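Report on the following structure.
The values are calculated or read from the model by the stated rules, or taken from the named source; none is laboratory data. Here the structure is a predicted model, which means the values were calculated and not measured. Because the Cβ atoms are built from the backbone with ideal geometry, glycine has one as well, and the counts that use them run over all protein chains shown.
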Amino acid sequence: MSEQEKKEDVRIGIFVCHCGSNIGGLIDCKALAEYAKTLPNVAHAEDNLFTCSETGLASIKKAVEEHDLNRVVVASCTPRTHEPLFRECISEVGLNRYLFNFVNIRDQCTWVHMKYPKEAYEKAKDLIRMGAYRAVILEPLDTIIVNVNPGALVIGGGVAGMHAALNLSRQGFKTYLIEKEDKLGGRLNSLYKLFPHDIDASEFVENIKNNVQNAQNLEVYTSSKLKNIKGFIGNYEVEVEQDGKKINLSVGAIIVAVGASLLKPNNLFGYDGKNRITQHELEPKIKNNEINANNIVMIQCVGSRNDERQYCSSVCCMTALKNALIIKEKKSDINITILFRDLYTPGIDYEEYYKKARKKGVLFIRYGLDKEPTVEGNQIKVYNEYIGEEIIIPYDLLVLSTPLIANDDNKELAQILKVPLEVNNFFLEAHVKLRPNDFATDGIYIGGSAKWPVDITESITQGYAAASRASTILSHETIEIEGATAYLPEWNKNLCKGCEVCINICPYNAIKKNEEDEIEIIEALCKGCGVCGAACTKKAIIIKHFTNEQILAEIYAFGGK
């Protein structure tokens, strides 16, 4: 059959989504659908309010059957979040999932051109036309089936890591928990009480440790560090170093729960570790009844919510309230003043905790970033925004509330796992709303303060969530892996000169040389990013689903209005 005959057999369905008002509020989606009907090989076109809704998906299935469609194009939001949904939709009515093409007319059009509706409409027409031309030469692809090793590795023995490991082990999965310190527990080991119910931290953490020690299917390695990792989702070969010895583990999924560190406030407010200390250093003093001060001042947001660290650490306010309340209960006549910019007490329990502190006599004074408190000897000057003037507060003990910050070794661990970090060096999830406990790298998950500062309650919740995500892989004997990968066809092998550029630049270590000294691509590792294909000087490597012909079809469609 000639290429022309193949094209004549193609029947494309195009579905234009209003995306509520995100797209339809700026451009005419009905007119776009009418325009789509005029394009070559388009057998059906329609517009939907929300194509990703049950109604929208049902309309796609109905159209495929009624109009005998063999290609589907959806013009809506972003493939990053919704492409799997539409692929699954067309596969349910017998189409190969790779005969679907996603056209982004929200992020790349209406959102970025919201001040130019006419131009945005014309651009949307261009994008849809380009998507339709590419759809004509899409080819069905096979997904890759791999076996799954039903074991899990949890990195980090804090509260999130321990709960994740316990959850997986109780489901019957062989689980390995590694911790770089010589004991489990993380920061819990150095805390006194836990807000908002003032639970004893030592009893709380010991109970979890006992559960870990008595758990079946769970092996713990303290004083251990991840050194190397090979493989892919369902089949990871992990090298761990413990006290100079190498331990090799085979697992199917990995959870990162390494927590965070505390900022040491050097050169801030005269910090000296004596009568100017951090909240963390205050905890053992409270526990050991070593508070001899009459006037205590606490300063919030020390080292955070500024140009260097723009984020709120989320736990500092509640920690200050907790310690102030405990001190008041031990000795009610101590004067405690909390200097704050904003108080973060989310939820009913935390808000009640704040009200309780006020009733106990804790004073709260708000200051602005442009008028920070200044420490002069044994007194603090602060501009009180409530009364509009500067006041002087005497103190015997100054307590600085400092943020949680990313661990120093996060970058090293991220490079080993090949996962990203965000601007503050916390680990970056795949999507903050849709995949909050996943990495973009399949088979690796995250929980707790490793990805952002959270309190203990949230850490436990995220530990369970990460374990739940990992179990969706471990509970299967086999899984399907993305079929859109790089490959070196037999007819192109004579072009390859073995320069190894592709091996050196592959971010997933998916390319190697085999025993015959030939380039070999491990499809199960490949993510189809296209770096190797772009770098190949001989154009020997082809990226399935993003071939040169498919990309050129879009370019020609744009030029041939």
Inset, instruction - Scan the strands (runs of 3 or more DSSP E) fully inside the range 378-428 and keep the ones with 3 or more residues being in contact with a strand residue (DSSP E or B) (Cβ under 8 Å, 6 or more places away or on another chain) and of a type in the set (A, V, I, L, M). - result: 389-394, 397-400
Legend entry - Odd one out for residue 13 among (1) more than 25 Å from residue 117 (Cβ to Cβ); (2) in a helix (DSSP H, G or I); (3) out of contact with any Asp or Glu (no Cβ under 7 Å at 6 or more places or on another chain); (4) modelled with pLDDT of 95 or more: (2)
Legend entry - Residues located in the range 110-136, provided they are of a type in the set (Phe, Trp, Tyr) and surrounded by fewer than 19 Cβ atoms within 10 Å (Cβ to Cβ): 111, 116
Inset, instruction - Out of 464, 487, 508, report the one residue that is aromatic (Phe, Trp, Tyr), surrounded by fewer than 20 Cβ atoms within 10 Å (Cβ to Cβ) and within 30 Å of residue 311 (Cα to Cα). - result: 464
Inset, instruction - Out of 31, 63, 43, report the one residue that is hydrophobic (A, V, I, L, M, F, W, C), modelled with pLDDT of 95 or more and loosely packed, with under 15 Cβ neighbours inside 10 Å. - result: 31
Inset, instruction - For the range 285-299, state whether one or more residues are out of contact with any helix residue (DSSP H, G or I) (no Cβ under 7 Å at 6 or more places or on another chain), without any contact (Cβ under 8 Å) to a residue 24 or more places away in the chain, surrounded by fewer than 22 Cβ atoms within 10 Å (Cβ to Cβ) and not in a loop (DSSP other than H, G, I, E, B). - result: yes
Inset, instruction - May I ask you to list the residues in the range 517-540 that are under 31 Å from the mean Cα position of the chain (by Cα) and among the aliphatic types (A, V, I, L, M)? - result: 521, 522, 524, 525, 531, 534, 535
Inset, instruction - Kindly check whether there is at least one residue in the range 193-208 that is within 25 Å of the chain's Cα centre (by Cα) and surrounded by 18 or more Cβ atoms within 10 Å (Cβ to Cβ). - result: no
Inset, instruction - Among the numbered conditions (1) surrounded by fewer than 24 Cβ atoms within 10 Å (Cβ to Cβ); (2) in contact (Cβ under 8 Å) with a residue 40 or more places away in the chain; (3) within 26 Å of the chain's Cα centre (by Cα), tell me where residue 316 comes up short. - result: (1)
Inset, instruction - Please work out which residue is nearest to residue 437 (Cα to Cα), limiting yourself to the range 154-192 and to residues that are surrounded by fewer than 22 Cβ atoms within 10 Å (Cβ to Cβ) and among the small types (Gly, Ala, Ser). - result: 172
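In the range 327-351, which residues are under 17 Å from residue 193 (Cα atoms) and under 34 Å from the mean Cα position of the chain (by Cα)? Walk me through it before giving the result.
From the range 327-351, those under 17 Å from residue 193 (Cα atoms) are 327-331, 349-350; that's our starting set.
349, 350, listed by residue number.
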